[in-house]
Amino acid sequence: MPRSSFAGTLSGPKVDVFIDMGNPFLNLTVDGFLKIGTVAATRAAAEDAYYIARKGSVSTHKLEHTLKKMCKEGAYWGAVAGVYVGLEYGVERIRGTRDWKNAMLGGALTGALVSAATKNNRDKVLIDAISGGAVATAAEFLNYLT
């Protein structure tokens, strides 16, 4: 039986911006904020562009709404990413080792902090802490695979 295969790599453009704040903790936190904030803002813009294209009309009001949504989403997710990266780095410094447990603890603490900041009840804060830890740990294990 004939066989065929495909091999190759997929890579995109890499943009790396470095802002030196004079402290590794601040450098990582700002880097996380900027990168994930940009991704969140881009996602919001793409979503609104789809809805605008679907309706077939553009107005100043819709563009203002899109810009506000981009800023809000970018700031929210950028802040979450900054907190996570900062906490993971802090846990690494406290523990004195670099492994998947830092990601788990950083994710759990971030989930709990973000949930508590939105005034959720104790059960929701605990669930969000578990979710944050699980997602961060899974992402860390996926990084080991590549």
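Miscellaneous remarks
- Sequence-distant lysines (8 or more away, or on other chains) whose Cα lies within less than 16 Å of Lys72: Lys35, Lys62
- Normalised by 2.2 N^0.38 Å, with N the number of residues, the alpha-carbon radius of gyration of the range 23-79 equals 1.37.
- Helical runs assigned H by DSSP (4 residues or longer) give the chain a calculated mean residue ellipticity at 222 nm of -27000 deg cm²/dmol, each run adding -39500 (n - 2.57) before division by the residue total.
- Least to most buried among Met21, Met70 (fewest other Cβ within 10 Å first): Met21, Met70
- Aspartates and glutamates with Cα under 18 Å of Lys55, excluding same-chain neighbours fewer than 8 positions away: Glu47, Glu64
- Over every Cα atom in the range 64-118, the radius of gyration and the widest Cα-Cα span, Dmax, amount to 14.0, 47 Å.
- Cα convex hull volume per residue for the chain (Å³): 223 Å³
- Panel order for Thr38, Thr60, Thr118, by other beta carbons found within 10 Å of each beta carbon, from fewest to most: Thr60, Thr118, Thr38.
- Karplus-derived HN-Hα couplings along the range 91-106 (A = 6.51, B = -1.76, C = 1.60, θ = phi - 60°), whole Hz, x at Gly and Pro: 5, 4, 5, 5, 6, x, 8, 10, 7, 5, 5, 5, 5, 4, 5, x
- Mean projected area (nm²) of the alpha-carbon convex hull when the range 99-146 is viewed from all directions: 2.9 nm²
- Other-chain or far-sequence residues with amide H under 5 Å of Asn120's (modelled H): none
- Note on Ala117 and Ser131: the model spin-label points, each 7 Å out from Cα along the C-beta direction, lie 1.6 nm apart.
- Between Asp99 and Phe25, the FRET efficiency from the beta-carbon distance, with R0 = 22 Å, is close to 0.75.
- Candidate aspartates and glutamates for bridging to Lys101, where Cα separation is under 16 Å - those fewer than 8 sequence places away on the same chain excluded: Glu88, Glu92, Glu140
Read-outs: derived from the displayed coordinates by stated rules, not from any lab. Treat the numbers as computed from the prediction; the structure is a model and nothing was measured. Every residue, glycine as well, gets a Cβ built from its backbone with ideal geometry; the counts of neighbours run over all protein chains shown.
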